[in-house]
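For reference, the structure discussed in these notes is given below.
The values are calculated or read from the model by the stated rules, or taken from the named source; none is laboratory data. Because the structure is predicted, anything quoted here is derived from the model rather than measured. Backbone-built Cβ (ideal geometry, glycine too); neighbour counts: all protein chains shown.
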Amino acid sequence: MNTSSLLALALLATPLPFPAYAADKPAAATPAHDDDAGHDRLTAARKQANALPEVAAAYQQAKADRALAQKARAEYRTANKRATESEDAYRKAFAEGLGKVDPEAASLLEKEKAAFRERMIKAREARKAAAPRKPAAREEPDQPDDEEEG
């Protein structure tokens with residue numbers, strides 16, 4: 001079933017407010033303060049707005065979409081965990097295979113990794129040193145622009 005079929009079933013199964021039932025409920029007591037009256041009026045308006053068919057349909061759609069998002073998030077976590085485990089298994093198998101092919105390859109690989117790290121650190125430091133320093137925003141310029149003088 002797709003989302004629209006589920007929504008249609010949910011709307012058919014959801015009881016809608018019926019005006020005859022409202023007569024059975026006692027009227028709310030009138031509060032003494034204007035703030036309370038405004039709050040009660042807002043509460044009543046919210047209830048009426050939620051009873052509108054288009055609002056109810058939008059609410060059901062939001063619930064359905066939220067459920068799908070939560071399901072997708074759970075599937076993503078599971079897939080990501082599985083991918084991480086697979087990559088770890090590959091690295092382990094590769095290291096073992098490399099050791100079988102050439103016992104000294106592991107030490108050579110570590111030397112290459114260390115040399116690469118050193119090159120990256122030096123390149124990063126060179127980039128930082130070469131980057132021009134921007135003056136602080138609060139500093140006033142030493143001399144006014146030529147356009148401002150005339």
Evaluation of ALA74 against (1) exposed (fewer than 10 other Cβ atoms within 10 Å of the Cβ); (2) at pLDDT 95 or above; (3) of a type in the set (Gly, Ala, Ser) (one fails), failing number: (1)
ASP102 vs. criteria at pLDDT below 95 and acidic (Asp, Glu): yes
Yes/no for ALA79 being surrounded by 10 or more Cβ atoms within 10 Å (Cβ to Cβ) and modelled with pLDDT of 95 or more: yes
Qualifying residue in the stretch 99-116 (condition: surrounded by 10 or more Cβ atoms within 10 Å (Cβ to Cβ) and touching a Leu at 6+ places or on another chain (Cβ under 6 Å)): yes
